[in-house]
Amino acid sequence: MSKRTVELDLATPGLDARGQPVRVPLAVADAPESTPPEPDLAGEHMLINLGPQHPATHGVLRLVVELDGETVVRVIPHLGYRHYNQIIPLTDRTDYLSPMANNVGFALAAEKLMGIEITPRCTVLRVIACEMSRIISHMVWLGTTSIDLGAFTPFLWAFQERERIYNLQEMWTGARLTTSVTRVGGMMADIPDDFVAGLRDFTQTFPRTLSEIDRVLTRNAVWVGRTQGVGALTAAEAINHSLSGPMLRASGVPYDVRRDKPYLDYETYDFDVVVGEHGDVYDRYLVRLEECSQSNRILQQALVRLPDGPVNVADPRVILPPKSRAMNDMEAMIYHFKQVMEGVKAPVGEAYVGIENPKGELGNYLVSDGSAKPVRWRIRPPSFINLSALSKMAEGHLLSDLIAINASVDIVMGEVDR
Amino acid sequence: MNPTVETLRATFGNAIGRGLESCGDTIVYIAREALLDTMTWLRDTPEQGYDYLVDVTAVEYRDRERPLEVVYQLRSLARRADLRVKVELDGHGDLTVDSVVPLWRGADWLERETFDMFGVTFRGHPDLRRILMWETYAEGYPLRKDFPLRGRFSRAEQVRQALGANPEAHYSMEELSIAEAYDELPADMKERLRHGDRGKLADTE
């Protein structure tokens with residue numbers, strides 16, 4: 001005679017006293033050979049897969065679940081589905097005051113390595129991204145430096161302007177700081193409908209703020225007294241210290257990567273390379289202030305020439321096919337699979353691309369051995385190198401001058417430390 | 001290819017290794033012993049005029065047999081010409097190369113970073129210390145391919161070291177000698193400081 005023993009000390013059906021799901025033990029004792037075995041339903045546990053793309057998993061979480069009826073016996077989570085199929089988001093976080101320009105710098109290096117020619121619309125969009133970054137970075141520099149030297153009002157004006165660019169960046173990318181706007185071979189997204197009008201409005205009103213800042217600071221006795229003749233470097237010293245960007249140009253070296261090693265068709269834009277004379281804190285201020293006007297000019301020209309057409313190249317090695325095609329077209333699905341699973345493979349070789357970032361020359365140096373991961377990705381950090389001249393500039397000056405000199409270097413520690 | 005490579009070969013002969021081109025950039029390999037001479041020549045010869053040092057870094061390949069490369073990006077501002085100079089070092093052997101700080105002050109921190117991350121020693125560098133990692137960091141060189149992702153020490157050991165660190169170890173002895181903290185220093189440290197020694201901090205009291 002068969003006897004079923006079931007532990008019945010249950011608070012809730014299916015759960016034991018400690019709230020753990022019960023494995024119903026079936027002990028069959030002394031079953032005579034003649035009796036047909038009862039179906040062991042309790043042993044029929046079901047395995048189901050939940051996610052990774054399921055509305056209830058709050059993101060791409062995959063759960064493998066063992067079920068006894070509707071009671072969950074075991075949950076095995078699998079992580080690691082949240083991955084960026086490209087490495088761009090890292091570049092946001094180096095010089096986080098000009099994330100879009102960093103994105104562009106990396107994408108240009110990867111495209112040079114892979115021999116990809118980007119589309120005309122993408123080229124202009126990237127120019128817009130770079131020049132917007134220059135303006136917000138210089139505005140932060142201007143605001144914080146004026147606070148360092150005791151002038152509070154320009155800080156408010158500068159951050160107000162930065163806020164307007166941040167709104168545009170948010171409109172474009174959904175993020176204010178971590179934009180990740182480029183992709184190798186294109187952009188994360190085309191600009192939204194209202195973007196052009198918003199940016200045009202900005203370029204028309206921004207010069208007014210610049211001239212206000214100019215009127216408040218440029219001939220201000222305190223400002224002039226704190227900055228002129230402080231931390232001066234000659235042209236030869238600036239070159240010998242490998243300075244770049246406004247630091248180099250303020251010392252009178254007319255070197256601008258946009259003009260001297262053009263990328264993104266910068267040679268076709270009408271703008272001036274701003275050069276200082278004395279290489280002191282005051283000249284660095286003048287150079288950055290005027291560069292904002294020049295960036296504004298470039299933005300205006302870019303808006304006029306912005307062509308229609310595709311943003312991304314038609315290259316299945318680097319650009320994911322649209323989701324609808326990946327789900328319906330075999331070839332597109334294979335490309336999608338290969339790109340996500342294997343990554344983007346670059347040919348053997350190496351490429352260095354320097355771009356004129358707000359802080360100076362941002363270099364991206366990529367070395368590939370043919371696999372999907374670079375052997376070496378080196379960022380030449382302009383803040384780091386400009387900062388290395390700080391001792392040279394500040395030694396012999398007053399402590400209060402050190403504050404002004406340090407501010408004039410325009411560092412961002414996210415880039416110095418990387 | 002950048003014509004400088006042929007001129008270099010004509011001037012320095014065997015010290016110049018292969019020259020090649022990748023993605024439009026010219027790369028030239030130079031023997032380690034000849035680095036300082038060739039760099040000086042590249043900087044000071046008027047027709048070359050590579051007056052600007054863009055970057056110094058190193059590359060180690062996944063292939064362990066391939067040498068580690070120290071990479072210098074040079075630029076002539078006037079001629080708008082770029083040249084990438086490489087020196088090959090045996091990754092298992094002596095990672096020493098002459099410092100170019102006497103030529104370009106800008107190499108100072110760049111060489112320190114390369115030392116910090118790859119363990120390349122730059123002979124003649126005025127102040128070769130770690131720069132991104134702290135000075136007493138003892139786990140090795142983080143960008144070497146044989147460096148474990150989370151460091152050489154266990155997490156417990158890393159925490160133990162972090163908690164047990166002497167706060168004054170965050171200052172160099174030179175810096176401590178500036179501050180009043182000098183009087184608080186252990187005797188042997190004072191002794192070494194008096195002799196101008198700026199090496200590792202003492203293990204013992």
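With respect to (1) of a type in the set (A, V, I, L, M, F, W, C); (2) more than 30 Å from A:ALA351 (Cβ to Cβ); (3) touching a Lys or Arg at 6+ places or on another chain (Cβ under 8 Å); (4) modelled with pLDDT of 85 or more, the lone exception for B:LEU83 is condition (2). State yes or no: is A:GLY186 small (Gly, Ala, Ser), more than 14 Å from chain B (Cβ to nearest Cβ) and either crowded, with 23+ Cβ neighbours inside 10 Å or closer than 21 Å to A:ASP201 by Cβ (or both)? Here the answer is yes, as A:GLY186 does meet what is asked. Within region A:396-415, is even one residue of a type in the set (D, E, K, R) and surrounded by fewer than 17 Cβ atoms within 10 Å (Cβ to Cβ)? Looking through region A:396-415, none of the residues is of a type in the set (D, E, K, R) and surrounded by fewer than 17 Cβ atoms within 10 Å (Cβ to Cβ).
Is there a residue being hydroxyl-bearing (Ser, Thr, Tyr), closer than 26 Å to B:LEU53 by Cα and either in a loop (DSSP other than H, G, I, E, B) or within 14 Å of another protein chain (Cβ to nearest Cβ) (or both) anywhere in region A:275-292? No, there is no match, as no residue in region A:275-292 is hydroxyl-bearing (Ser, Thr, Tyr), closer than 26 Å to B:LEU53 by Cα and either in a loop (DSSP other than H, G, I, E, B) or within 14 Å of another protein chain (Cβ to nearest Cβ) (or both).
When A:LEU299 is tested against (1) part of a loop (DSSP other than H, G, I, E, B); (2) within 30 Å of A:THR205 (Cα to Cα), only condition (1) is not met. Residues of region B:41-69 that are more than 12 Å from every other protein chain (Cβ to nearest Cβ) and either surrounded by 21 or more Cβ atoms within 10 Å (Cβ to Cβ) or not aromatic (Phe, Trp, Tyr) (or both): B:LEU42, B:ASP44, B:THR45, B:PRO46, B:GLU47, B:GLN48, B:ARG64, B:GLU65, B:PRO67. Among the criteria (1) over 21 Å from the mean Cα position of the chain (by Cα); (2) over 21 Å from A:VAL104 (Cα atoms), the one A:VAL196 does not fulfil is (2).
Take A:ASP201 and decide whether it is outside any loop (DSSP other than H, G, I, E, B) and under 27 Å from the mean Cα position of the chain (by Cα). It is true that A:ASP201 is outside any loop (DSSP other than H, G, I, E, B) and under 27 Å from the mean Cα position of the chain (by Cα). The selection criterion, being closer than 21 Å to B:LEU8 by Cβ, within 13 Å of the chain's Cα centre (by Cα) and within 13 Å of chain A (Cβ to nearest Cβ), holds for B:ALA107. Pairs linking a residue in region A:232-253 that is under 16 Å from A:VAL274 (Cα atoms) and more than 8 Å from chain B (Cβ to nearest Cβ) to a residue that is of a type in the set (S, T, N, Q) and assigned to a helix (DSSP H, G or I), with Cβ atoms under 6 Å and 6 or more positions apart or on different chains, are A:MET247/A:ASN386. Counted as qualifying within region A:313-418 are the helices (runs of 4 or more DSSP H) with 2 or more residues that are more than 14 Å from every other protein chain (Cβ to nearest Cβ) and over 30 Å from A:ILE135 (Cα atoms), namely A:323-328, A:330-342.
The values are calculated or read from the model by the stated rules, or taken from the named source; none is laboratory data. Worth saying up front: this structure is predicted, and the values here are computed from it rather than measured. A quick note on method: Cβ atoms are made from the backbone with ideal geometry, for glycine too, and the neighbour counts reach across all protein chains shown.
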